[in-house]
Amino acid sequence: MRLAWHSGFAQGARNRFGGLGSIIMLHRVRPDCISPLGVTRSLSITPKFLDEILVSLKAEGTEFVSMDQMADRVQNGVRSDRRFVAVTLDDGYNDNLNHAYPVFQKYHVPFTVYVAPGFIEGAAVLWWEVVEKLVAQTTHIKVPGGPEWRCSTVLQKRAAFHGLMRYFSYTLTELEQLPVLREMCTEAGILCGVAADQDVMTWKELQQISADPLCTIGGHTVHHYNLKRLTPRMVAQEMRQSADMIGDHLGKRPVHFAFPYGSAKAAGRREAEIAKDERFVSAVTTRHGTIHVEHRTNLHALPRISINGRFQKLVYAQTMMSGVTTPIANAGRRVVQGD
Ligand SMILES: [Zn+2]
(Lines give C-alpha, C1' and ligand atoms only; values in the text may rest on other atoms or scores of the structure.)
Protein backbone atom coordinates (compact mmCIF):
# COMPACT_ATOMS: atom_id res chain seq x y z
CA MET A 1 0.00 0.00 0.00
CA ARG A 2 2.86 2.30 0.86
CA LEU A 3 4.38 1.72 -2.58
CA ALA A 4 1.03 2.31 -4.28
CA TRP A 5 0.69 5.67 -2.55
CA HIS A 6 4.23 7.00 -2.76
CA SER A 7 4.66 5.99 -6.40
CA GLY A 8 1.67 8.19 -7.17
CA PHE A 9 -0.26 5.16 -8.45
CA ALA A 10 -3.00 5.40 -5.83
CA GLN A 11 -3.46 9.15 -6.31
CA GLY A 12 -3.76 8.60 -10.05
CA ALA A 13 -6.09 5.66 -9.63
CA ARG A 14 -8.38 7.72 -7.42
CA ASN A 15 -10.22 9.11 -10.42
CA ARG A 16 -11.03 5.67 -11.70
CA PHE A 17 -11.60 3.84 -8.43
CA GLY A 18 -12.30 6.49 -5.84
CA GLY A 19 -15.86 7.16 -6.98
CA LEU A 20 -17.92 9.74 -5.14
CA GLY A 21 -16.27 9.20 -1.78
CA SER A 22 -15.95 6.83 1.15
CA ILE A 23 -17.62 5.83 4.36
CA ILE A 24 -15.00 5.28 7.05
CA MET A 25 -15.63 2.61 9.69
CA LEU A 26 -14.24 2.88 13.21
CA HIS A 27 -15.01 1.11 16.48
CA ARG A 28 -12.98 2.19 19.49
CA VAL A 29 -10.99 5.41 19.70
CA ARG A 30 -8.78 5.53 22.79
CA PRO A 31 -5.19 6.40 23.69
CA ASP A 32 -4.40 2.93 25.02
CA CYS A 33 -5.33 -0.40 23.50
CA ILE A 34 -7.07 -2.65 26.01
CA SER A 35 -6.98 -5.90 24.07
CA PRO A 36 -5.22 -8.23 26.57
CA LEU A 37 -4.12 -10.72 23.90
CA GLY A 38 -3.88 -8.19 21.11
CA VAL A 39 -6.45 -10.17 19.12
CA THR A 40 -9.04 -7.37 18.95
CA ARG A 41 -6.44 -4.65 18.48
CA SER A 42 -7.65 -3.94 14.94
CA LEU A 43 -10.85 -2.45 16.41
CA SER A 44 -9.08 0.36 18.25
CA ILE A 45 -7.28 3.48 17.01
CA THR A 46 -5.82 6.37 18.99
CA PRO A 47 -7.38 9.88 19.02
CA LYS A 48 -4.04 11.12 17.68
CA PHE A 49 -4.34 8.92 14.61
CA LEU A 50 -7.96 10.03 14.10
CA ASP A 51 -6.74 13.62 14.28
CA GLU A 52 -4.06 12.91 11.65
CA ILE A 53 -6.56 11.28 9.30
CA LEU A 54 -8.99 14.21 9.52
CA VAL A 55 -6.22 16.78 9.01
CA SER A 56 -4.90 14.96 5.96
CA LEU A 57 -8.37 14.52 4.44
CA LYS A 58 -9.14 18.18 5.02
CA ALA A 59 -5.86 19.17 3.35
CA GLU A 60 -6.88 17.13 0.30
CA GLY A 61 -10.11 19.10 0.06
CA THR A 62 -12.35 16.27 1.25
CA GLU A 63 -15.90 17.24 2.09
CA PHE A 64 -17.02 15.70 5.37
CA VAL A 65 -20.67 14.75 5.23
CA SER A 66 -23.30 13.25 7.53
CA MET A 67 -24.99 10.00 6.48
CA ASP A 68 -28.07 12.06 5.47
CA GLN A 69 -25.90 14.17 3.17
CA MET A 70 -24.11 11.07 1.88
CA ALA A 71 -27.44 9.43 0.96
CA ASP A 72 -28.63 12.63 -0.66
CA ARG A 73 -25.49 13.00 -2.74
CA VAL A 74 -25.52 9.40 -3.93
CA GLN A 75 -29.27 9.27 -4.58
CA ASN A 76 -29.37 12.52 -6.50
CA GLY A 77 -26.12 11.79 -8.29
CA VAL A 78 -24.59 15.02 -6.99
CA ARG A 79 -21.30 15.37 -8.80
CA SER A 80 -18.60 17.35 -7.12
CA ASP A 81 -14.91 17.87 -7.63
CA ARG A 82 -14.52 17.22 -3.97
CA ARG A 83 -14.81 13.67 -2.72
CA PHE A 84 -16.87 13.09 0.37
CA VAL A 85 -16.08 11.16 3.50
CA ALA A 86 -18.71 10.08 6.03
CA VAL A 87 -17.28 8.89 9.35
CA THR A 88 -19.08 6.05 11.15
CA LEU A 89 -18.41 4.27 14.45
CA ASP A 90 -19.95 0.90 15.34
CA ASP A 91 -21.30 -0.40 18.67
CA GLY A 92 -21.47 2.87 20.66
CA TYR A 93 -18.30 2.59 22.77
CA ASN A 94 -18.03 5.26 25.47
CA ASP A 95 -14.58 6.22 24.17
CA ASN A 96 -16.46 7.63 21.16
CA LEU A 97 -17.77 10.30 23.51
CA ASN A 98 -14.64 10.75 25.60
CA HIS A 99 -11.93 10.55 22.95
CA ALA A 100 -13.36 10.70 19.42
CA TYR A 101 -16.00 13.38 19.90
CA PRO A 102 -13.50 16.12 20.91
CA VAL A 103 -11.57 15.44 17.68
CA PHE A 104 -14.75 15.66 15.57
CA GLN A 105 -15.66 18.91 17.34
CA LYS A 106 -12.19 20.34 16.75
CA TYR A 107 -12.52 20.01 12.96
CA HIS A 108 -16.30 20.24 12.82
CA VAL A 109 -16.64 16.79 11.26
CA PRO A 110 -20.05 15.06 11.24
CA PHE A 111 -20.11 11.45 12.44
CA THR A 112 -22.55 8.58 12.90
CA VAL A 113 -22.61 6.13 15.80
CA TYR A 114 -24.44 2.83 15.25
CA VAL A 115 -25.97 1.71 18.52
CA ALA A 116 -27.27 -1.70 19.64
CA PRO A 117 -29.54 -1.02 22.65
CA GLY A 118 -29.00 -4.56 23.98
CA PHE A 119 -25.41 -3.62 24.88
CA ILE A 120 -26.62 -0.64 26.89
CA GLU A 121 -29.20 -2.60 28.85
CA GLY A 122 -27.19 -5.79 29.37
CA ALA A 123 -29.44 -7.90 27.11
CA ALA A 124 -26.46 -8.41 24.80
CA VAL A 125 -22.72 -8.43 25.42
CA LEU A 126 -19.69 -7.49 23.38
CA TRP A 127 -19.03 -11.21 23.52
CA TRP A 128 -15.78 -11.19 21.52
CA GLU A 129 -14.27 -8.99 24.24
CA VAL A 130 -15.57 -11.25 27.02
CA VAL A 131 -14.14 -14.29 25.21
CA GLU A 132 -10.77 -12.53 25.00
CA LYS A 133 -10.87 -11.68 28.71
CA LEU A 134 -11.85 -15.24 29.57
CA VAL A 135 -8.99 -16.72 27.55
CA ALA A 136 -6.52 -14.18 28.95
CA GLN A 137 -7.42 -14.95 32.55
CA THR A 138 -7.66 -18.74 32.54
CA THR A 139 -5.34 -21.61 31.73
CA HIS A 140 -7.97 -24.08 30.61
CA ILE A 141 -11.26 -23.43 28.94
CA LYS A 142 -14.21 -25.69 28.35
CA VAL A 143 -17.44 -24.93 26.56
CA PRO A 144 -20.29 -26.68 28.44
CA GLY A 145 -21.14 -29.72 26.31
CA GLY A 146 -18.55 -28.64 23.75
CA PRO A 147 -14.83 -28.52 23.00
CA GLU A 148 -12.04 -27.51 25.38
CA TRP A 149 -8.70 -25.76 25.03
CA ARG A 150 -5.56 -25.49 27.10
CA CYS A 151 -4.53 -21.90 27.33
CA SER A 152 -1.40 -21.51 29.40
CA THR A 153 0.86 -19.95 26.80
CA VAL A 154 0.21 -16.93 24.57
CA LEU A 155 0.16 -19.17 21.50
CA GLN A 156 -2.37 -21.49 23.11
CA LYS A 157 -4.45 -18.52 24.19
CA ARG A 158 -4.56 -17.13 20.66
CA ALA A 159 -5.53 -20.53 19.26
CA ALA A 160 -8.22 -20.89 21.94
CA PHE A 161 -9.56 -17.41 21.18
CA HIS A 162 -9.90 -18.12 17.46
CA GLY A 163 -11.36 -21.58 18.14
CA LEU A 164 -13.92 -20.06 20.49
CA MET A 165 -14.76 -17.30 18.01
CA ARG A 166 -15.52 -19.93 15.36
CA TYR A 167 -17.50 -22.05 17.83
CA PHE A 168 -19.59 -19.11 19.02
CA SER A 169 -20.10 -17.74 15.50
CA TYR A 170 -20.95 -20.89 13.60
CA THR A 171 -21.62 -23.87 15.88
CA LEU A 172 -23.85 -22.27 18.49
CA THR A 173 -27.02 -20.55 17.32
CA GLU A 174 -27.27 -16.80 17.88
CA LEU A 175 -29.67 -17.38 20.77
CA GLU A 176 -27.40 -19.92 22.46
CA GLN A 177 -24.31 -17.68 22.52
CA LEU A 178 -25.09 -15.57 25.56
CA PRO A 179 -26.31 -18.30 27.98
CA VAL A 180 -23.27 -20.45 27.15
CA LEU A 181 -20.90 -17.52 27.62
CA ARG A 182 -22.53 -16.60 30.93
CA GLU A 183 -22.09 -20.15 32.18
CA MET A 184 -18.41 -20.13 31.23
CA CYS A 185 -17.91 -16.77 32.93
CA THR A 186 -19.62 -17.87 36.12
CA GLU A 187 -17.33 -20.90 36.19
CA ALA A 188 -14.27 -18.64 35.80
CA GLY A 189 -15.50 -15.92 38.15
CA ILE A 190 -15.64 -13.26 35.43
CA LEU A 191 -18.39 -10.68 35.04
CA CYS A 192 -20.42 -11.07 31.89
CA GLY A 193 -23.07 -8.84 30.46
CA VAL A 194 -23.33 -6.47 33.38
CA ALA A 195 -24.22 -3.25 31.60
CA ALA A 196 -21.93 -1.11 33.77
CA ASP A 197 -18.98 -3.37 33.00
CA GLN A 198 -19.32 -2.85 29.26
CA ASP A 199 -17.52 0.08 27.70
CA VAL A 200 -20.57 1.41 25.90
CA MET A 201 -22.32 4.74 26.23
CA THR A 202 -25.32 4.90 28.54
CA TRP A 203 -28.58 6.41 27.31
CA LYS A 204 -27.68 9.58 29.17
CA GLU A 205 -24.33 9.80 27.41
CA LEU A 206 -26.02 9.10 24.10
CA GLN A 207 -28.45 11.95 24.79
CA GLN A 208 -25.50 14.19 25.45
CA ILE A 209 -23.57 13.31 22.29
CA SER A 210 -26.64 13.18 20.02
CA ALA A 211 -27.67 16.70 21.08
CA ASP A 212 -24.82 17.92 18.86
CA PRO A 213 -25.97 18.37 15.24
CA LEU A 214 -22.64 16.85 14.17
CA CYS A 215 -23.80 13.51 15.59
CA THR A 216 -26.19 11.04 13.95
CA ILE A 217 -27.30 7.92 15.80
CA GLY A 218 -27.96 4.87 13.63
CA GLY A 219 -29.54 1.47 14.38
CA HIS A 220 -27.42 -1.66 14.79
CA THR A 221 -30.12 -4.20 15.86
CA VAL A 222 -31.00 -4.83 19.52
CA HIS A 223 -28.91 -7.93 20.25
CA HIS A 224 -26.12 -7.68 17.69
CA TYR A 225 -27.03 -11.05 16.15
CA ASN A 226 -25.68 -12.27 12.83
CA LEU A 227 -28.83 -11.50 10.82
CA LYS A 228 -28.15 -14.17 8.18
CA ARG A 229 -28.71 -16.76 10.89
CA LEU A 230 -32.18 -15.46 11.86
CA THR A 231 -35.62 -15.85 10.24
CA PRO A 232 -36.79 -12.90 8.09
CA ARG A 233 -39.31 -12.04 10.78
CA MET A 234 -36.63 -11.87 13.47
CA VAL A 235 -34.39 -9.78 11.21
CA ALA A 236 -37.17 -7.23 10.68
CA GLN A 237 -37.94 -7.24 14.39
CA GLU A 238 -34.30 -6.68 15.40
CA MET A 239 -34.06 -3.74 13.01
CA ARG A 240 -37.40 -2.18 13.96
CA GLN A 241 -36.97 -2.63 17.71
CA SER A 242 -33.51 -1.09 17.76
CA ALA A 243 -34.84 1.97 15.93
CA ASP A 244 -37.90 2.16 18.23
CA MET A 245 -35.80 1.94 21.40
CA ILE A 246 -33.34 4.57 20.20
CA GLY A 247 -36.24 6.79 19.14
CA ASP A 248 -37.87 6.44 22.58
CA HIS A 249 -34.70 7.33 24.47
CA LEU A 250 -33.26 10.00 22.21
CA GLY A 251 -36.40 11.52 20.73
CA LYS A 252 -35.37 10.79 17.16
CA ARG A 253 -35.87 7.50 15.33
CA PRO A 254 -32.76 6.53 13.36
CA VAL A 255 -32.99 6.28 9.58
CA HIS A 256 -29.53 4.79 9.01
CA PHE A 257 -28.51 1.25 9.87
CA ALA A 258 -25.38 -0.91 10.14
CA PHE A 259 -25.47 -4.71 9.86
CA PRO A 260 -23.78 -6.39 12.85
CA TYR A 261 -20.49 -7.98 11.67
CA GLY A 262 -21.45 -6.84 8.16
CA SER A 263 -19.43 -9.43 6.22
CA ALA A 264 -20.83 -11.61 3.42
CA LYS A 265 -21.47 -14.25 6.10
CA ALA A 266 -23.63 -11.88 8.14
CA ALA A 267 -25.48 -9.66 5.67
CA GLY A 268 -26.58 -10.30 2.10
CA ARG A 269 -29.30 -9.37 -0.33
CA ARG A 270 -32.14 -10.61 1.90
CA GLU A 271 -30.97 -8.45 4.80
CA ALA A 272 -30.54 -5.42 2.51
CA GLU A 273 -34.11 -5.86 1.23
CA ILE A 274 -35.45 -6.04 4.78
CA ALA A 275 -33.54 -2.90 5.78
CA LYS A 276 -35.14 -1.16 2.81
CA ASP A 277 -38.61 -2.48 3.72
CA GLU A 278 -38.06 -1.23 7.27
CA ARG A 279 -37.64 2.21 5.71
CA PHE A 280 -34.03 2.84 6.59
CA VAL A 281 -32.53 5.37 4.19
CA SER A 282 -29.18 3.58 4.15
CA ALA A 283 -27.53 0.45 5.50
CA VAL A 284 -23.80 -0.20 5.70
CA THR A 285 -21.83 -3.43 5.65
CA THR A 286 -18.20 -4.08 6.56
CA ARG A 287 -17.33 -5.02 2.95
CA HIS A 288 -14.31 -3.14 1.69
CA GLY A 289 -14.98 -0.46 -0.89
CA THR A 290 -15.62 3.15 -1.91
CA ILE A 291 -18.96 4.69 -2.90
CA HIS A 292 -19.91 5.08 -6.57
CA VAL A 293 -22.83 6.37 -8.66
CA GLU A 294 -23.88 2.73 -9.07
CA HIS A 295 -24.87 2.69 -5.40
CA ARG A 296 -27.70 5.08 -6.21
CA THR A 297 -30.14 2.20 -6.55
CA ASN A 298 -28.62 0.22 -3.72
CA LEU A 299 -28.16 2.28 -0.60
CA HIS A 300 -28.81 -0.72 1.64
CA ALA A 301 -25.58 -2.64 1.28
CA LEU A 302 -22.94 0.07 1.21
CA PRO A 303 -19.27 -0.88 1.58
CA ARG A 304 -16.95 0.96 3.95
CA ILE A 305 -13.26 1.60 4.50
CA SER A 306 -12.20 0.12 7.82
CA ILE A 307 -9.40 1.97 9.55
CA ASN A 308 -7.47 -0.88 11.12
CA GLY A 309 -5.88 -0.28 14.53
CA ARG A 310 -3.11 -2.72 13.70
CA PHE A 311 -1.77 -0.48 10.94
CA GLN A 312 -2.18 3.10 12.11
CA LYS A 313 -0.40 4.67 9.18
CA LEU A 314 -1.87 7.54 7.22
CA VAL A 315 -0.66 6.12 3.95
CA TYR A 316 -2.80 2.97 4.36
CA ALA A 317 -5.95 4.98 4.97
CA GLN A 318 -5.18 7.24 2.00
CA THR A 319 -4.52 4.31 -0.31
CA MET A 320 -7.72 2.51 0.71
CA MET A 321 -9.79 5.65 0.19
CA SER A 322 -8.35 6.09 -3.29
CA GLY A 323 -10.37 2.96 -4.13
CA VAL A 324 -7.34 1.18 -5.54
CA THR A 325 -7.62 -1.64 -2.98
CA THR A 326 -11.32 -2.25 -3.69
CA PRO A 327 -10.83 -4.59 -6.67
CA ILE A 328 -8.03 -6.40 -4.83
CA ALA A 329 -10.32 -7.16 -1.89
CA ASN A 330 -13.33 -7.97 -4.06
CA ALA A 331 -12.27 -10.31 -6.84
CA GLY A 332 -11.63 -7.52 -9.31
CA ARG A 333 -14.80 -5.55 -8.72
CA ARG A 334 -14.54 -1.77 -8.58
CA VAL A 335 -18.06 -1.33 -7.17
CA VAL A 336 -19.05 -3.45 -4.19
CA GLN A 337 -22.74 -4.17 -3.66
CA GLY A 338 -24.25 -6.43 -1.07
CA ASP A 339 -24.23 -9.84 -2.71
ZN1 LIG B 1 -21.18 -4.08 15.69
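The values are calculated or read from the model by the stated rules, or taken from the named source; none is laboratory data. Computed from a prediction, not measured in an experiment: that's the story for all the values here. No Cβ is skipped: glycine too gets one built from the backbone with ideal geometry, and neighbour counts run over all protein chains shown. When the accessible area is computed, the model is the full protein with side chains, heavy atoms only, and any ligands, DNA or RNA have been set aside. Shrake-Rupley method; radii C 1.70, N 1.55, O 1.52, S 1.80 Å.
Things worth noting here:
- Placing +1 on each Lys and Arg Cβ and -1 on each Asp and Glu Cβ, with no other charges, gives the range 127-188 a dipole about its Cα centre of roughly 260 debye.
- Taking a quarter of the surface of the Cα convex hull of the chain gives a mean projected area of 16.4 nm².
- Our summary gives the chain a relative contact order of 24 percent, counting only alpha carbon pairs under 8 angstrom and 6 or more residues apart.
- When the Cα positions of ALA136, LEU164, VAL154 are compared along the charge dipole of the range 127-188, VAL154 comes out farthest toward the positive end, with charges on each C-beta of Lys, Arg, Asp and Glu.
- Per-residue HN-Hα couplings for the range 143-156 [Karplus 6.51, -1.76, 1.60; θ = phi - 60°; Hz; x = Gly/Pro]: 7, x, x, x, x, 9, 9, 7, 9, 8, 9, 4, 4, 5
- Stokes-Einstein D for the range 63-133, Kirkwood Rh over Cα pairs, 4 °C, 1.567 mPa s (µm²/s): 91 µm²/s
- Rolling a 1.4 Å probe over the heavy atoms of the protein chains gives the chain an accessible area of 43 Å² per residue.
- Most mobile listed residue (MET184, MET239, MET321) in the chain, GNM with C-alpha springs under 10 Å: MET184
- Partner aspartates and glutamates for LYS48 [C-alpha distance under 18 Å; skip if fewer than 8 residues away on the same chain]: ASP32, ASP95
- Relative to the longest principal axis of the Cα atoms of the chain, helix 127-137 runs at roughly 50 degrees.
- Amide hydrogen proximity for THR216: with H placed 1.01 Å from N in the peptide plane, the residues at 5 or more positions away or on another chain lying under 5 Å are PHE111, THR112, VAL113.
- Simple Cβ-charge dipole of the chain, Lys/Arg +1 and Asp/Glu -1, about Cα centre, in debye nearest 20: 1200 debye
- Protection proxy ranking for 215-228, 47-60, using the average of other Cβ atoms within 10 Å per residue and placing the highest first: 215-228, 47-60.
- Computed FRET value (nearest 0.05) for THR139 with SER42, which takes r as the C-beta separation and R₀ as 22 Å: 0.30
- With pairing defined as another cysteine C-beta under 4.7 Å, the cysteines of the chain that fail it are CYS33, CYS151, CYS215.
- Ratio of the Cα radius of gyration of the range 130-196 to 2.2 N^0.38 Å, where N counts its residues: 1.03
- Among the lysines of the range 228-318, pairs that are 8 or more positions apart or on different chains and have alpha carbons within less than 22 Å of each other number 4.
- Segment ALA188-LYS106, length gained on full extension (0.36 nm per residue, minus Cα span): 25.2 nm
- Ordering ILE217, MET320, HIS300 by Cα displacement along the dipole of the chain toward the positive end leaves MET320 in first place; charges were set at the Cβ atoms of Lys, Arg (+1) and Asp, Glu (-1).
- Helix-only CD estimate at 222 nm, as mean residue ellipticity for the chain, using -39500 (n - 2.57) per DSSP H run (n ≥ 4): -11500 deg cm²/dmol
- The accessible surface of the chain, taken with every protein chain in place and a 1.4 Å probe, is 52 percent carbon and sulfur.
- Ranked by how many other beta carbons lie within 10 Å on average, peptides 65-72, 29-36, 144-151 from highest: 65-72, 29-36, 144-151
- Residue-wise HN-Hα coupling along the range 212-220, computed from phi with Karplus coefficients 6.51, -1.76, 1.60 (Hz; x: Gly, Pro): 7, x, 5, 9, 10, 9, x, x, 8
- The spacing between the range 269-329 and the range 112-141, judged by their C-alpha centroids, is 25 Å.
- The chain: angle of helix 47-59 to the longest principal axis, Cα-based, in degrees nearest 10: 20 degrees
- Just so you know, the Rg over Rh for the range 25-167 is 1.10, from Cα atoms, with Rh as the Kirkwood radius.
- Using a Förster distance of 25 Å, the FRET efficiency for GLU148-ALA123 (Cβ separation, nearest 0.05): 0.35
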